[in-house]
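This report concerns only the one structure given below.
The values are calculated or read from the model by the stated rules, or taken from the named source; none is laboratory data. Predicted model, so just to flag it, every value in this text is computed and none were measured. Please note: Cβ atoms are built from the backbone with ideal geometry, for glycine as well, and neighbour counts cover all protein chains shown.
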Amino acid sequence: MTKAEIVTGIEAIPVSYREPTDHNRHRSVCLVRVSCAGGAVGWGEACTYFPEASRAAAHIVEAFAPLIIGSSAMDIERHWHSMKGHSWWYGTGAGIASMAISAIDIALWDLKGKILGARVLDLLGGPVKDQLPAIASLHGTKASVDAMADDIASFTETGLHGAKVGFGKAGDAYLGFDEERDLQFVEKVMTAMGPGKDLMVDLGVKNRWDVPMAIRRAQLFEERGVAWLEEPLGHDDPDGYAALRAASGIRIAYGEREWNARGVQKILDTGTVDVVGLDPGRVEGITGFKRAADLCALARRQANAHNFSTAIVAAASQALSFACPACALLELQPVYGPAQADLVDRPIWHTKGFVDLPQGPGLGVEIDEEMVHSARI
Ligand SMILES: [Mg+2]
C-alpha cells in the first residue's frame with residue numbers, strides 16, 4: 001500500500017435539487033466524498049429520494065467511515081464486505097444501510113480510477129459492447145395527451161430509441177387510472193414517435209392495479225406494441241406476476257426496489273421478470289450492481305440501470321451498462337436540470353441516440369463542490 005492511496009476522509013452530504021423531469025419536484029440524495037492522502041477525491045451517491053432518508057443515510061455513512069479511513073482505497077471489495085458486516089443487525093442486505101453502502105462504494109470506485117488513471121469501465125473489465133442505445137425516461141405530467149405525445153416525439157427526434165413513461169406521477173396526466181385514456185396515450189405516443197421507437201410503460205405507486213386489471217392492460221398494451229410494462233403489480237407479488245406472465249406475452253419489468261443481488265436472484269427465480277431494474281445508488285453500489293447484473297446475464301434476462309437521479313448515478317450507470325452483458329440500453333432524463341447538467345463538468349449524454357463512452361479516470365466527471373454545498377439540506 002502506498003501512502004497516497006490511504007483513505008483520509010469520508011464526508012456525507014445530504015442534498016436536494018429540483019428535477020424538471022419529475023414535474024419540478026424537489027428530490028433528495030445523499031452524496032459522499034471520499035478523499036485520500038495523495039489528494040485524489042471520489043464521489044458517490046445514495047439514491048434516497050426523500051430528505052429524511054438522505055439524512056439517515058448520512059448518519060450511516062458517518063458510522064461506516066472509521067471502518068475505511070486509514071486503509072487503502074484500492075481494497076473496494078474488502079470495504080464493501082466490512083460495511084455489510086458492520087450493518088448486520090440493522091440492514092444486512094436491505095434498507096438505508098444498502099443505500100449508504102452504495103454511496104461509499106461508488107465513491108471508492110471513482111477514487112480508485114482517479115488514483116490509477118483508469119476508467120471505472122476499464123476497472124470493471126472494459127466494455128462488452130460498442131454501442132449502447134439510449135431512451136428517454138420521463139413522467140407523464142400534462143393534462144393533454146396530445147401535448148405529451150408531442151413532447152415525447154420531440155425527445156425521440158434527437159435519435160433516442162424510445163421513451164419510458166412513468167404513470168401515476170405528480171401533475172395532471174392521470175395515467176394508469178382509466179383504460180380508455182391509457183390506450184389513447186399509448187396509441188398517440190407511438191404514432192407521434194413513428195416506427196422503430198419503443199414505448200415502455202412504468203406504473204407508479206399510486207396506480208394500484210389488481211391482477212385482472214394488470215392482465216387486461218397488459219394484453220391491450222401488447223396488442224399495441226408496448227415494449228415492456230414496468231411494476232404493474234408493484235415490486236413484490238410473485239403470484240400476481242405468475243398469473244400476469246401466464247396471460248400475456250408482454251415483457252415484464254421490475255426489480256429496482258431490490259436492495260442487493262440476493263433479492264435480484266429471488267425475483268429471477270420466480271421466472272416472471274424479463275427486465276430487472278437496478279439502481280447503483282441503492283443496490284449496494286457498483287459492486288452490488290455488477291453482481292446482480294451478472295446474475296441476470298446467467299438467467300438470460302435483461303438488466304437495466306434505474307438512472308433517474310444525479311449525474312453521479314448516471315456516470316456509474318453509464319460505466320456499468322457498457323461493462324455488463326445483461327444491460328441493453330440506458331435511460332436518460334430528456335430534460336436535464338442542475339443535478340444532471342451543472343453538478344459535473346461533463347454531463348452524461350448521447351450522440352444520435354447512442355450513449356457516449358465514459359472518458360477520463362474514475363467515473364469520468366469532476367464535481368462542482370460549490371454547487372454541492374449550496375444544495376445541502
Ligand atoms: Mg420504474
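Here residue 113 fulfils each of the conditions (1) surrounded by 21 or more Cβ atoms within 10 Å (Cβ to Cβ); (2) out of contact with any strand residue (DSSP E or B) (no Cβ under 9 Å at 6 or more places or on another chain); (3) not β-branched (Val, Ile, Thr) apart from (2). The number of residues in the range 5-59 that are under 16 Å from the mean Cα position of the chain (by Cα) and either farther than 24 Å from residue 111 by Cβ or surrounded by fewer than 21 Cβ atoms within 10 Å (Cβ to Cβ) (or both) comes to 6.
Yes or no: the range 33-54 includes at least one residue that is modelled with pLDDT under 95, over 28 Å from residue 263 (Cα atoms), of a type outside the set (S, T, N, Q) and touching an Asp or Glu at 6+ places or on another chain (Cβ under 7 Å).
Of the residues in the range 33-54, the ones modelled with pLDDT under 95 are none.
Scanning the range 33-54 turns up no residue that is modelled with pLDDT under 95, over 28 Å from residue 263 (Cα atoms), of a type outside the set (S, T, N, Q) and touching an Asp or Glu at 6+ places or on another chain (Cβ under 7 Å).
Report yes if some residue within the range 314-331 is away from the ligand (no atom under 16 Å from the Cβ) and at positive phi; otherwise report no. No - not one qualifying residue is present in the range 314-331.
Examine the range 11-26 for a residue that is out of contact with any Leu (no Cβ under 7 Å at 6 or more places or on another chain), among the hydroxyl-bearing types (Ser, Thr, Tyr) and farther than 19 Å from residue 337 by Cα, and state whether such a residue exists. No, the range 11-26 contains no residue that is out of contact with any Leu (no Cβ under 7 Å at 6 or more places or on another chain), among the hydroxyl-bearing types (Ser, Thr, Tyr) and farther than 19 Å from residue 337 by Cα. Looking at the range 123-217, what strands (runs of 3 or more DSSP E) fall wholly within it and have at least 2 residues that are over 24 Å from residue 237 (Cβ atoms) and touching a strand residue (DSSP E or B) at 6+ places or on another chain (Cβ under 8 Å)? In the range 123-217, 134-139, 162-166 are the strands (runs of 3 or more DSSP E) which contain 2 or more residues that are over 24 Å from residue 237 (Cβ atoms) and touching a strand residue (DSSP E or B) at 6+ places or on another chain (Cβ under 8 Å). Count of the range 264-290 residues, restricted to those that are within 16 Å of the ligand (Cβ to nearest atom) and within 16 Å of the chain's Cα centre (by Cα), is 11. No other residue among 87, 82, 72, 98 is under 18 Å from the mean Cα position of the chain (by Cα) and among the polar types (S, T, N, Q) apart from 98.
Can you spot a residue in the range 226-236 that is away from the ligand (no atom under 15 Å from the Cβ) and surrounded by fewer than 20 Cβ atoms within 10 Å (Cβ to Cβ)? Give the derivation first.
So in the range 226-236, the residues away from the ligand (no atom under 15 Å from the Cβ) come out as none.
So far as the range 226-236 goes, no, none of its residues is away from the ligand (no atom under 15 Å from the Cβ) and surrounded by fewer than 20 Cβ atoms within 10 Å (Cβ to Cβ).
Among the residues in the range 103-111, are any free of Cβ contacts under 8 Å to residues at least 24 places away in the same chain and part of a helix (DSSP H, G or I)? No, the range 103-111 has no match at all. Exactly one residue out of 297, 261, 293 is more than 16 Å from the ligand (Cβ to nearest atom), surrounded by fewer than 19 Cβ atoms within 10 Å (Cβ to Cβ) and closer than 30 Å to residue 123 by Cα, and it is 297. Taking the range 155-195 as the range and being surrounded by 23 or more Cβ atoms within 10 Å (Cβ to Cβ) and at positive phi as the test, the residues that pass are 162, 176.
When we screen 54, 16, 71 for residues that are among the small types (Gly, Ala, Ser) and more than 21 Å from residue 99 (Cα to Cα), the only hit is 71.
Select, from 297, 303, 293, 261, the only residue that is within 16 Å of residue 328 (Cα to Cα), of a type in the set (Gly, Ala, Ser), outside the structural domain of residue 53 (by TED's automatic domain parsing) and in contact with a helix residue (DSSP H, G or I) (Cβ under 6 Å, 6 or more places away or on another chain). From the options 297, 303, 293, 261, the qualifying one is 303.
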